[in-house]
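**Student:** Once you've had a glance at the structure underneath, I'll fire off some questions.
Bear in mind these aren't lab numbers, they're just calculated from the coordinates by the rules spelled out. All values derive from a computational prediction rather than experimental measurement. Virtual Cβ from ideal backbone geometry, glycine too; neighbours counted across all protein chains shown.
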Amino acid sequence: MIYNKLVRDRIPEIIAAKGQISKTHIADEKEYWEKLKEKLGEETQEFLKDENIEELADLMEVVEVIKKFKNFDSQKLENIRLEKLAKRGGFEKRIILEES
């Protein structure tokens, strides 16, 4: 089966432990970024479909890797999140804007 997608680091060894053979390569910077964006979309769709904690954990893992890849400082990211929360609020009040 052909996949051509970014997988978790231990997937090749898990496949090998089952007695199967996999073909892999290491992505360069450009391909890695493209595959990370694809993975973000894939994991988002899986969470939207299944709405479970495992899929949310997968989505969070991809976000963490993107944060590292883009060299986004964790504290700066959190500060931006909190600043937006203070200025514009969060989403906990469940407000639906119908018209403006």
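**Student:** Of the labelled options (1) -0.89, -0.98, -1.04; (2) -0.52, -0.75, -0.93; (3) -0.85, -1.09, -1.23, which one gives log10 I(q)/I(0) by the Debye sum over Cα atoms at q = 0.15, 0.18, 0.20 Å⁻¹ as computed for this structure?
**Tutor:** Identified label for the calculated read-out: (3).
**Student:** To the nearest 20 debye, what charge dipole does the chain have about its Cα centre, counting +1 at the Cβ of each Lys and Arg and -1 at the Cβ of each Asp and Glu? All intermediate terms of the calculation are to be shown ahead of the outcome.
**Tutor:** Numbers: 20 positive and 23 negative charges, 59 e Å.
For this selection, approximately 280 debye.
**Student:** Separate question: Excluding K67 itself, calculate the net charge of residues whose Cβ lies under 14 Å from the Cβ of K67, where each Lys or Arg counts +1 and each Asp or Glu counts -1.
**Tutor:** Counting the neighbours of K67, the net charge comes to +2.
**Student:** Using alpha-carbon pairs under 8 Å, 6+ residues apart, how would you state the relative contact order of the chain in percent? Kindly include the intermediate steps, with their values, before the conclusion.
**Tutor:** Numbers: 28 pairs, mean separation 17.6, N = 100.
This gives 18 percent for the chain.
**Student:** When the helix-only estimate is applied to the chain (DSSP H runs of n ≥ 4, each -39,500 (n - 2.57), divided by the residue count), what is the mean residue ellipticity at 222 nm, nearest 500 deg cm²/dmol?
**Tutor:** Values: 4 runs with 61 residues, N = 100.
Using -39500 (n - 2.57) per qualifying helix, the result is -20000 deg cm²/dmol.
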